[in-house]
Amino acid sequence: MTRVSFVGAGPGDPELLTLKAVDRLARADVVLFDDLSAGPVLRHVRAGADLVAVGKRAGRPSPSQSHVSALLVEHALSGARVVRLKAGDPGIFGRLEEEITALRTAGVAFEIVPGISAAQAAAAAAAIPLTRRAEARRVQFVTGHDATGGLPEQRNMAALADPNATTVVFMPKRTFPALADDLAAHGLSGTTPALLAEAIGHPEQRLTRTTIAALAEQLRAGVSDATALILYGPLAAEA
């Protein structure tokens with residue numbers, strides 16, 4: 001019997017939940033949720049279910065990954081129906097693998113309910129495609145920081161500086177200026193279109209259409225606490 005459902009909450013707009021996600025939330029005994037999957041999405045949880053906040057935010061106190069994994073196993077072995085609610089899609093920069101490993105080790109059955117990624121939601125909000133024949137044939141998702149909060153050291157700059165790809169950078173705001181410098185050093189023009197998408201799927205959603213160079217300067221001057229991702233490439237700033 002499946003005891004744990006990893007559920008993609010999408011970018012925050014409850015209307016973007018899948019029917020399967022709504023069903024699993026309505027039947028759960030326990031919901032372990034991230035900060036970014038809280039809010040209106042949790043209204044689909046039945047009355048009486050236990051809600052456990054296990055979110056991680058950069059620069060803020062948060063539970064360790066080992067603690068979150070242990071909670072999942074503990075609740076599942078108690079016989080509860082558990083939902084692990086993750087923002088966006090569980091498999092995209094959501095530490096899904098660590099939690100799956102813990103469940104497999106404990107012999108706990110699980111399922112994965114995919115969700116709409118913030119990258120897809122941002123492109124939809126901006127009314128742009130992620131691909132185009134002969135101009136943007138490839139989409140790549142990368143993280144803007146490593147476990148230390150800095151720009152990842154191992155970067156495929158040939159791929160990242162490809163002018164014919166759409167690149168989506170998750171958790172990018174503090175490190176994007178350094179990445180922009182590297183992109184320029186590897187031949188990508190500073191005039192390449194860029195889109196800063198903040199608080200996607202929330203009432204305070206904001207889209208800024210600009211260029212890589214201008215966005216890097218903007219972020220060097222300071223960043224807000226709003227969650228964000230950055231898209232750059234030939235389609236990123238089209239209106």
What percent does the relative contact order of the range 109-239 come to when contacts are Cα pairs within less than 8 Å and at least six residues apart?
29
Please give the FRET efficiency for residue 105 paired with residue 154, using the beta carbon to beta carbon distance and R0 = 35 Å, rounded to the nearest 0.05.
0.80
Rolling a 1.4 Å sphere over the protein heavy atoms, what is the accessible area per residue of the range 104-239, to the nearest Å²?
49
Sort 6, 170 by accessible area with a 1.4 Å probe, largest first.
170, 6
Convex hull of the range 4-58 built on C-alpha atoms - directionally averaged projected area, nm²:
3.7
Which whole-angstrom value gives the distance between the alpha carbon centres of the range 96-134 and the range 168-236?
21
Shape of the range 110-217, Cα gyration tensor, a/c cut at 1.5:
rounded
Where 20, 173 fall by accessible area, highest first, once all protein chains stay in place (1.4 Å):
20, 173
How much of the accessible area of the chain, probe 1.4 Å, is carbon plus sulfur, in whole percent?
53
If Lys and Arg each add +1 and Asp and Glu each add -1, what is the summed charge of the other residues whose beta carbon sits under 13 Å from the beta carbon of residue 10?
-2
Quote to one decimal, in nm, the extra length available between residue 98 and residue 67 on full extension: 0.36 nm per residue of separation minus the C-alpha distance between them.
10.0 nm
Mean separation of Cα contacts under 8 Å, 6 or more apart, over the residue count of the chain: relative contact order %
20
Relative contact order of the range 1-46, defined on C-alpha pairs under 8 angstrom at six or more residues apart (%):
44
For residue 141, tell me the accessible area in Å² from a 1.4 Å probe, rounded to the nearest 10.
80
Can you pull the Kirkwood radius for the chain, inverse mean 1/r over Cα pairs, to one decimal in Å?
18.8
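The values are calculated or read from the model by the stated rules, or taken from the named source; none is laboratory data. A quick note: this is a predicted structure, and the numbers were derived from the prediction, not measured. Note that each Cβ is placed from the backbone with ideal geometry, even for glycine, and that neighbours are counted across all protein chains shown. For the accessible areas, the whole protein counts, side chains as well, though only heavy atoms, and no ligand, DNA or RNA atoms are used. Shrake-Rupley method; radii C 1.70, N 1.55, O 1.52, S 1.80 Å.
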